[in-house]
Amino acid sequence: MKKIIFAICVLYLFSLSGALAQDNDWYITRSTHFIVYYKNAKEDFLNRLIERAEDYYEEIAENLGFRRFDFWLWDKRAKIYIYDTAQDYQEGTGQPSWSGGCAIARSKIIKTFTEAPGFFDTVLPHEMGHIIFREFVGFNNNAVPIWLDEGVASYQEKFRRATARRIAKKAVEDGAFMDLRKLANFSPPTAKDAEEVNLFYAESLSAVDFLINEFDIDNFVFFCQNLRDKEDLDKAIRSAYPFMNVDSLSRAWKESLTER
Ligand SMILES: [Zn+2]
């Protein structure tokens, strides 16, 4: 009997993953944790998308040391919208021309377009990083500074890690370095130039890299749990790291950049 039930489940899952339905103007395809909405995207692109998204689903939680209790299954699956062109994407989302993708973390929705540059290595892991992190620390948690949110998301773009450290280190040497307080008040959409935005993302990633790799991953998990439960950044830092507050963390991180 067990075997029969298993076979039915497998068949059901299989029929779901291969299903092609239409929702308004969108075609739909599904995998275990994702529903993909598309228009004219080619099948090989969709297959690759699903494969990479499913890989990141495991990998990102592992990178952050998060153990899942709330799985993205059935009606909790994340939704990915694939517009055909950059123009369709900009018209459909109101995003600026430099944007390759965006996410509505709370609704687990990611939007992008088929030719978005570096989609698989940058946009997809970055936006999934936002969703997975926010799901853990809380969507309404105002104690999460922007550098932590963007740093965790950018940390998922693996190839950026080494570059981020170099950029942050150079900023210390050049006197352009922004400490964590300055980063917390930074607003990428209103920044005056692209270089400053780049520096913001690189430094945010570097600070998260410091929190994760200079210590045990358990420290980071404990820090995030505390931030989620107490909604107080200084308290969360103190509970998991040998720093009194955000300023002493900031100093230690800056020092680590000049060490090596
Ligand atoms: Zn982001």
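Quick note: the coordinates plus some simple rules give every number you see, no bench work behind them. Just so it is clear, the model here is predicted, and its values are computed rather than measured. Methodologically, a virtual Cβ is constructed for each residue, glycine included, from the backbone with ideal geometry; neighbour enumeration extends over all protein chains shown.
Using only DSSP helix segments of four residues or longer, with each worth -39500 (n - 2.57), what per-residue ellipticity at 222 nm results for the chain after dividing by its residue count and rounding to 500?
Calculated mean residue ellipticity at 222 nm is -18000 deg cm²/dmol.
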The residues Glu43, Glu231, Glu203, sorted from fewest to most surrounding Cβ atoms within 10 Å, come out as Glu43, Glu231, Glu203
Can you compute the radius of gyration and Dmax for the chain, using only the Cα atoms, both in Å? 20.0, 70
Using 26 Å as the Cα-Cα cut-off, could you pick out the over-long pairs in Lys108/Lys230; Lys111/Lys182; Lys76/Lys111; Lys39/Lys79? Lys111/Lys182
Return the long-range amide H neighbours of Ser31 (sequence gap of 5 or more, or a different chain), with a cut-off of under 5 Å between placed amide H atoms. Val36
Cα-based reach from Lys235 at 17 Å (exclusive), listing aspartates and glutamates while leaving out same-chain residues under 8 positions away: Asp218, Asp247
Calc'd 3J(HN,Hα), the range 134-144, phi into Karplus 6.51 cos²θ - 1.76 cosθ + 1.60 (θ = phi - 60°), Hz, glycine/Pro = x, comes to 5, 4, 7, 8, x, 6, 9, 7, 6, 7, 7
Between the range 218-251 and the range 59-73, what is the separation of their alpha carbon centroids in Å? 20 Å
Report, to the nearest 10°, how far helix 217-230 tilts away from the longest principal axis of the Cα atoms in the chain, using its own Cα long axis and a range of 0 to 90°. 90 degrees
What order do you get for Ser31, Ser187, Ser206, Ser256 when you list them from fewest to most C-beta neighbours inside 10 Å? Ser187, Ser256, Ser31, Ser206
Output ³J(HN,Hα) for the range 25-37: one whole-Hz value per residue in order, computed from phi by the Karplus curve 6.51 cos²θ - 1.76 cosθ + 1.60 with θ = phi - 60°, and x for Gly and Pro. 9, 9, 8, 10, 9, 10, 10, 4, 10, 9, 10, 10, 9
For the chain, built as a Gaussian network whose Cα springs stay under 10 Å, the top-fluctuating residue of Asn198, Asn24, Asn226: Asn24
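Fewest Cβ neighbours within 10 Å first, please rank Tyr81, Tyr27 accordingly. Don't skip to the end; give the middle numbers.
On the way: Tyr81 20, Tyr27 16.
Fewest to most other Cβ atoms nearby, the residues stand as Tyr27, Tyr81.
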